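Working notes for the structure below.
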Amino acid sequence: MPDSLTVADKVRPGTSLRIDGARLLDRLDRLAEIGGSEDGGVTRMGFSDADQEGRAYVARQAVEAGLTATVDAGGNLLLRRPEGHRRSTRPPILVGSHLDTVANGGRLDGAYGVVAALEVLQTLHEGGAETDHETIAVGFANEEGALFPQPFWGSMVLAGRLDALPGEPEDYAGRPLRDALARAGGDLSLLKTATWAPGSLAAYLELHVEQGPVLERLGRSIGVVESITGRTHMSVQLHGKAGHAGTTPMEGRQDPLVVAANLIQAVQRLAAEEKLCRVATVGRVEVHPNSPNTIPDAVRLDVDLRDSDPARLDAAEHTVRGALAALARSGNVRAVIESTVRSAPVHTDPRIRDTIAASATELGYAQETLPSGAGHDAQVVADLAPVGMIFVPSIDGVSHVPSERTAPEDLIAGAEVLLRTVLKL
Ligand code: HGY
Ligand code: MN
Ligand code: MN
């Protein structure tokens, strides 16, 4: 087939496929109601009942559209077109994101990429498009790690990083993942069946809201992501000695919350002052027994470090470990680092970047190439295949909050670019 043919002609002479914008926006509205709260926030933490309900909604929409929906052993939702639409036996293209959210998060982080992937698949199916690669849509499980603290769970299973996952994962309250995963259609004992071999995918594409201010500030509709930040997530447990707040003398106290407070200051300083890594955050603290007139006996806190340079991330982690040991000693409490999940920074594939850029140009959308300060499943799937990411602007650059929003026309633009990129690849 001569290369001069346009994308539309390659699909089938005379057609030019476009997504159904109204359907995309309607599905996003419906999905946002699941786990939705008065303030416009959404809470569908990985493997929670609300998450399960959200996945079931997307699966139903896919089946009603004539597609098939299956769940792999890791709990990832996979959507496919019925057979008979691909011209060659080349490896498939995977397109998607995650359906779970953080607690009281936004309606677009993750969900947008999955609903857009469904829209692309349905448009290909309805258009009878014959493509060189099968296109598979994916809703990765538990990307955020909000309830079960293993972020990127689903993509790590798909990428075969099973040795980096705990054997019997539990949520923050100690409840086993095994049952929740089974309820979602997965099976902890069969994770191997959900792994894909390197080279078994032609590409992975993820459409996502930027979650930052760059595209909005520059007035661009499309972001071509060049790299995804590295991230180190440490879950720390501090054990001290509970006591009566009124009768226990100050000297000799073993108060883990005082150690935690000093550690939080040290984490903030290492990024804000010492500049050891780009950003550092403690966003979750759990105090036991969390009673106003009792000296706590245990505190759990999560440290989140980010940088695009693995060496700087390592140095920052080393500094946190050193500070923790010194503070625990002086506070006479026992410190345990329960888990450390490291996600390496990755660069997206140059050929896919060019294809995204060409698609945006053809469709007339202003674009910008930029790094991602947020982590994404794409940085894990990069173990297997070349990856590409497309961003659309976040209003006020905010995310992981109820006011997370993107203009409808930008949501549609992103999905159009995703469709055209799939067709070009
Ligand atoms: O934390 C992140 O960067 C992503 O939202 N999981
Ligand atoms: Mn997120
Ligand atoms: Mn996300």
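The values are calculated or read from the model by the stated rules, or taken from the named source; none is laboratory data. As the structure is a computational prediction, the values presented were derived from the model and not from experiment. Using ideal geometry, Cβ is built from the backbone for each residue, glycine included, and neighbour counts are taken over all protein chains shown.
Couple of notes before you dig in:
- Criterion: more than 16 Å from ligand 1 (Cβ to nearest atom), within 22 Å of residue 235 (Cα to Cα), under 26 Å from the mean Cα position of the chain (by Cα) and not assigned by TED's automatic domain parsing to the domain that holds residue 196 - qualifying residue of 314, 297, 307, 302: 314
- The single condition from (1) in contact with a Phe, Trp or Tyr (Cβ under 8 Å, 6 or more places away or on another chain); (2) farther than 28 Å from residue 53 by Cα; (3) not aromatic (Phe, Trp, Tyr) that residue 184 fails is (2).
- Scanning segment 140-159 for residues that are in contact with a Gly (Cβ under 6 Å, 6 or more places away or on another chain) and outside any loop (DSSP other than H, G, I, E, B) yields 140, 154, 157.
- A residue that is more than 14 Å from the chain's Cα centre (by Cα), surrounded by 24 or more Cβ atoms within 10 Å (Cβ to Cβ) and at pLDDT 95 or above can be found somewhere in segment 132-144.
- Residues that are touching a Phe, Trp or Tyr at 6+ places or on another chain (Cβ under 6 Å) and either surrounded by fewer than 16 Cβ atoms within 10 Å (Cβ to Cβ) or of a type outside the set (Gly, Ala, Ser) (or both) within segment 162-181 comprise 169, 171, 177, listed in sequence order.
- Scan of segment 181-204 for residues that are farther than 17 Å from residue 152 by Cβ and within 19 Å of the chain's Cα centre (by Cα), ordered by number: 203
- Only one entry in 38, 64, 83, 53 is under 21 Å from the mean Cα position of the chain (by Cα), surrounded by fewer than 21 Cβ atoms within 10 Å (Cβ to Cβ) and of a type in the set (Asp, Glu), namely 53.
- Residue match in segment 73-93 (condition: farther than 23 Å from residue 412 by Cβ, within 16 Å of ligand 3 (Cβ to nearest atom) and of a type in the set (Ser, Thr, Tyr)): no
- The combined condition, being surrounded by fewer than 21 Cβ atoms within 10 Å (Cβ to Cβ), among the acidic types (Asp, Glu), away from ligand 3 (no atom under 15 Å from the Cβ) and under 30 Å from residue 173 (Cβ atoms), is not fulfilled by residue 368.
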